Amino acid sequence: EPEVTQTPSHQVTQMGQEVILRCVPISNHLYFYWYRQILGQKVEFLVSFYNNEISEKSEIFDDQFSVERPDGSNFTLKIRSTKLEDSAMYFCASSVNRVGTEAFFGQGTRLTVV
Amino acid sequence: AQRVTQPEKLLSVFKGAPVELKCNYSYSGSPELFWYVQYSRQRLQLLLRHISRESIKGFTADLNKGETSFHLKKPFAQEEDSAMYYCALRGPDTGGFKTIFGAGTRLFVKA
């Protein structure tokens with residue numbers, strides 16, 4: 001069964017550094033998403049991406065965040081200057097967005113900012 | 001406002017006991033409702049969706065539009081059901097078909 005894959009599984013970075021989280025969505029999916037989950041808290045929507053542009057973003061997704069689909073397979077989330085409060089589990093998801101279908105999630109990248 | 005509410009953070013039951021995980025939602029249109037499960041150290045995975053009215057691993061959930069609820073039920077809990085359960089909704093009004101999650105309920109099934 002096809003899966004969304006994310007790399008790395010765990011990233012430790014120093015405050016102020018840039019990080020790029022990588023995702024390979026399921027190949028025939030057209031909608032891509034990033035979510036985050038701070039330890040002990042709910043899964044929060046960050047951004048949705050369709051047709052090579054952002055279709056919606058949350059208030060969490062400020063100027064420090066950006067997304068890109070640099071080629072036909074990868075979907076990346078960049079945090080320009082990480083803060084301690086960016087420490088969280090980041091999930092990538094993809095979907096086809098037909099009625100009766102759901103988003104498929106990757107296994108997540110745990111980002112730790114020190 | 002679009003919102004999913006799961007009032008219980010933790011639910012602990014004995015093996016063989018019935019279980020019900022509550023979910024209420026707030027949405028202006030006609031959403032699709034889902035239950036996702038996250039076993040320890042694993043990814044979020046779909047458990048069931050309201051539109052297919054299926055039963056997965058003995059779990060069922062009925063959409064009650066009058067009460068705006070989508071409670072998850074299982075008549076006899078098993079130890080392997082211990083996990084984090086998230087109720088979620090999705091619909092065109094949410095923008096980009098994003099999925100909105102509840103805070104989650106941790107189910108602990110005791111032997």
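The values are calculated or read from the model by the stated rules, or taken from the named source; none is laboratory data. For clarity, every value in this text was computed on a predicted model and none was experimentally measured. Note: ideal-geometry Cβ built from the backbone for every residue, glycine included; neighbour counts use all protein chains shown. To get the accessible areas, we keep the full protein, side chains included, count just its heavy atoms, and leave off ligands, DNA and RNA. Shrake-Rupley method; radii C 1.70, N 1.55, O 1.52, S 1.80 Å.
Here are the numbers for the structure shown:
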read-out	value
Residues of type lysines that B:Lys15 reaches as a straight line, Cα spacing below 20 Å, ignoring anything fewer than 8 places off in the same chain	B:Lys57, B:Lys73, B:Lys74, B:Lys110
Cα-centre dipole for the range B:3-110 with unit charges at Cβ (Lys and Arg positive, Asp and Glu negative), debye to 20	220 debye
Exposure ranking of B:His71, A:His29, A:His10 by accessible area [1.4 Å probe, largest first]	A:His10, B:His71, A:His29
Computed Rg/Rh of the protein assembly as shown, alpha carbon atoms with Kirkwood Rh	0.97
Partners for B:Lys98 among aspartates and glutamates (Cα-Cα distance below 15 Å; same-chain residues under 8 apart left out)	A:Glu44, A:Glu53, A:Glu56, A:Glu59, A:Glu102, B:Glu32
The range A:5-113, Rg to Rh (Cα coordinates; Rh as Kirkwood inverse mean 1/r)	0.94
Residue-normalised accessible area of the range B:3-110, expressed per residue, 1.4 Å probe, Å²	48 Å²
Loop-resident sites, the range A:41-114, for GluC sites (Glu not before Pro), counting at most 15 other Cβ within 10 Å (DSSP)	A:Glu59
Hydrodynamic radius (Kirkwood) for chain B, which is based on Cα pairs only, to one decimal in Å	14.0 Å
Area of A:Thr7 that stays accessible when all protein chains are in place (1.4 Å probe, Å², to 10)	80 Å²
Centroid-to-centroid separation of the range A:28-71 and the range B:55-94 [C-alpha atoms, Å]	25 Å
Pairwise FRET efficiency - A:Arg80 versus A:Glu3, Cβ, R0 = 30 Å, nearest 0.05	0.55
For A:Asp63, solvent-accessible area (1.4 Å; no DNA, RNA or ligand), Å²	130 Å²
Accessible area buried between chains A and B, both sides summed, probe 1.4 Å, in Å² to nearest 100	1900 Å²
Nearest-20 debye value, the range A:17-101 charge dipole, Cβ charges on Lys, Arg, Asp, Glu	280 debye
